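See below for the structure under consideration.
The values are calculated or read from the model by the stated rules, or taken from the named source; none is laboratory data. Just so you know, these numbers come straight off a predicted model, no measurement behind them. Cβ placement follows ideal geometry from the backbone for every residue including glycine, while neighbour counts extend to all protein chains displayed. These accessible areas exclude ligands, DNA and RNA; they are computed on the full protein's heavy atoms, side chains included. Shrake-Rupley method; radii C 1.70, N 1.55, O 1.52, S 1.80 Å.
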Amino acid sequence: MSFAGKTAVVTGGSRGLGRAVCRLLAAEGANVVFCYAGNAAAAQETVRELEALGAQVRAVQADISDPSAVKLLMDTAIRDFGRIDILVNNAGITRDGLAMTMKETDFDAVIATNLKGVFLCMKAAARIMLRQKYGRIVSISSVVGVHGNAGQINYAASKAGVIGMTKSLAKELAAKGVTVNAVAPGFIETDMTAALPETARTALLATIPQARLGAPEDVAQAVAFLAGDGASYITGQVLGVDGGMGM
Ligand code: NAP
């Protein structure tokens, strides 16, 4: 797998899965432009790690739910590298709560980042990829988007929506050299899951056939596969990376 000469845009590259994706693409030779919401120290750590691998990297503070911020992100990639070969829609948030008591603001916040943000990035990058007649779009959904989860009605809706958008855009771009796929991780060890109480972690672990949590690198490998030339005949698919949880 080589990404030499390719340029990747990764949303939410400052931490967790996004940082692991940036690291793997950079290690395989890609130029990486990533965005983050506000954690500048974490973003700088990602920059340091990628530069240590010899990669060209740009970090952009950009809220993906804001169209002008998405434009800044894509413009940075075009200005500095001339093209966008790969878009990884990774940035995402949770605002968990039971449906009966969930605040509308928590529903709206998750949809704004996880669904509308992905749409805005897909739309902006697809325009460039169509001109290039080449592109790879990989979005991070979730096992929760396929099977649902109590306490995550907003998050499940957003991640199911990502799958719907993936299949729709894949159909629109299939004949134009652009593939569009999704990865649906299960329970991966990051800041997002570290916030779960011990009882919830133990209960979740019991639902994973491989009886272990995943690592960010497990997801990065699947993303890199779908972003690579070896996956050129794969589009509109959802690849589970979940230790068997989604079986
Ligand atoms: P994380 O550790 O909480 O990191 C989230 C990343 O997204 C950070 O880089 C954050 O930036 C960025 N971000 C959040 N909101 C943003 C916004 N509006 N605009 C731009 N960037 C934003 O999350 P993670 O666990 O790595 O999850 C990454 C993706 O995988 C998410 O889409 C998540 O839903 C999905 N996923 C995770 C798991 C899991 O078990 N961890 C399972 C299935 C799916 P800052 O650092 O600046 O805050």
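The helix-based estimate of mean residue ellipticity at 222 nm for the chain, built from -39,500 (n - 2.57) per DSSP H run of four or more residues and divided by its residue count, is -14000 deg cm²/dmol to the nearest 500.
Probe radius 1.4 Å, ligands and nucleic acids ignored: give me the carbon and sulfur share of the accessible area of segment 117-230 as a rounded percent. Write down the numbers at each step before the final one.
On the way: 2990 of 5020 Å².
The computed percentage sits at 60.
May I ask you to compute the full-extension gain from Arg131 to Ala211, defined as 0.36 nm times their residue separation minus their alpha-carbon distance, rounded to one decimal in nm? If you can, show how the numbers build up before the last one.
Numbers: separation 80, 0.36 × 80 = 28.80 nm, distance 4.52 nm.
Extending this stretch completely gives an extra 24.3 nm.
Going by Cα centres, segment 74-110 and segment 177-247 are how many Å apart? Going from one Cα centre to the other spans 17 Å. Of the beta bridges in the chain, as assigned by DSSP with both residues counted there, near 0 percent are antiparallel. Rounded to the nearest 20, the Cβ-based charge dipole of the chain about its Cα centre (Lys and Arg +1, Asp and Glu -1) stands at 780 debye. Residues in the chain average 45 Å² of solvent-accessible surface per residue, probe 1.4 Å, ligands and nucleic acids excluded. Summarising the label geometry, the points placed 7 Å from Cα in the beta-carbon direction at Thr105 and Lys123 lie 2.6 nm from one another. According to the square roots a ≥ b ≥ c of the eigenvalues of the Cα gyration tensor, what is the shape class of segment 1-90, taking rounded for a/c under 1.5, prolate for a/b larger than b/c otherwise, and oblate for the remainder? Oblate, because a/c is 1.5 or more while a/b does not exceed b/c.
Using r as the Cβ-Cβ distance of Ser68 and Lys171, and R0 as 30 Å, what FRET efficiency do you calculate, to the nearest 0.05?
Details: r = 29 Å, r/R0 = 0.96.
Calculated value: 0.55.
Rounded to the nearest 20 debye, the dipole size of segment 51-120 about its Cα centre is 160 debye, using +1 on the Cβ of Lys and Arg and -1 on the Cβ of Asp and Glu. So which aspartates and glutamates pass the test for Lys133, namely a Cα distance under 12 Å, with those fewer than 8 places away in the same chain ruled out? Candidates past the 8-residue exclusion: Asp85.
In whole Å, what is the distance between the alpha-carbon centres of segment 142-161 and segment 1-39? Centre-to-centre distance over Cα atoms comes out at 25 Å. Taking the charge dipole of the chain about its Cα centre, with +1 at Lys and Arg Cβ atoms and -1 at Asp and Glu Cβ atoms, the residue from Ala211, Ala69, Ile128 reaching farthest to the positive side is Ile128.
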